[in-house]
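Please treat every number below as a calculation from the coordinates, not as lab data. Treat the numbers as computed from the prediction; the structure is a model and nothing was measured. Every residue, glycine as well, gets a Cβ built from its backbone with ideal geometry; the counts of neighbours run over all protein chains shown.
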């Protein structure tokens, strides 16, 4: 957005052939980009997943047999893993913003992040293992 | 003017859009962590089935409806944020877009919640 604002506000006298001054493309730029891209994909993956498992089927029908039938098809395992991967890291990055906003003391912030990151990554590994190793 | 007391930020719709986005994202993330654990019980099918029976009670069905509203709002408002980032017309109309987000969230959330609560409405579960 900032780039575009600069583009529209350039004085006419400026040399139009020169490239715009770009902000440094650091971690936060990629974080912003990841949130946009993963968010757009998740819009479809998450809403489709919810529709199938909560609207088209009742939650009590999604029993062990339901999972066995579904994961018989590797495409559903890939779908579920993509959803797990994108949702977890989109959510974890969002939580990082929240921690930076509200946990102000450096020591507290470091501890909070250590706990949240460890828990999330352990659960990501656990979920990945479940999807890969499951046998009906 | 002393800065200390009089600087409470009172944004308008944009602030509410942000607040709801943050709360809904936070809730969905913690549900995801819980959901990884409950799905991973699949390797013990009996335990998995017992937990999913539990998901069928009215309290957890209401929780499911909350999840639906949070997902809808967060998805649609996220789409609005992407539009505002990349498209000048969306910046000019961000308030109208947000009202659209709220409208669609409610319009899709109510029938969805009805389907989720239907077994309870029909008296099949308690």
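With neighbour counts taken as other beta-carbon atoms within 10 Å, the residues A:29, A:112 rank, fewest first, as A:29, A:112.
In units of 2.2 N^0.38 Å, what is the alpha-carbon radius of gyration of chain B?
Values: Rg = 19.4 Å, N = 126, 2.2 N^0.38 = 13.8 Å.
For chain B, the normalised Cα radius of gyration comes out at 1.40.
Dividing the summed -39500 (n - 2.57) terms of all DSSP H runs of n ≥ 4 by the residue count of chain B sets its mean residue ellipticity at 222 nm at -27500 deg cm²/dmol.
Here the alpha carbons of the range B:75-126 define both size measures, Rg and Dmax, at 16.4, 51 Å. Taking other C-beta atoms within 10 angstrom as a stand-in for reagent exposure, B:79, A:21, B:54 fall in the order A:21, B:54, B:79, fewest first. To the nearest ten degrees, helix A:27-50 and the longest principal axis of the Cα atoms of chain A are 30 degrees apart. In terms of surrounding Cβ atoms within a 10 Å radius of their Cβ, A:48, A:86 rank from fewest to most as A:48, A:86.
Across the protein assembly as shown, how large is the tail of the calculated P(r) beyond 21 Å, expressed as a percent of all Cα pairs?
Working: 23210 of 34191 pairs.
Roughly 68 percent, rounded to a whole number.
Sorting the Cα pairs of the range A:24-64 by distance into bins of 10 Å, from 0 upward, gives 26, 30, 22, 16, 6, 0 percent per bin.
What the pair-distance distribution of the range A:25-94 shows, using all Cα-Cα distances binned every 5 Å from zero, is 3, 15, 21, 22, 16, 11, 7, 4, 2, 1 percent.
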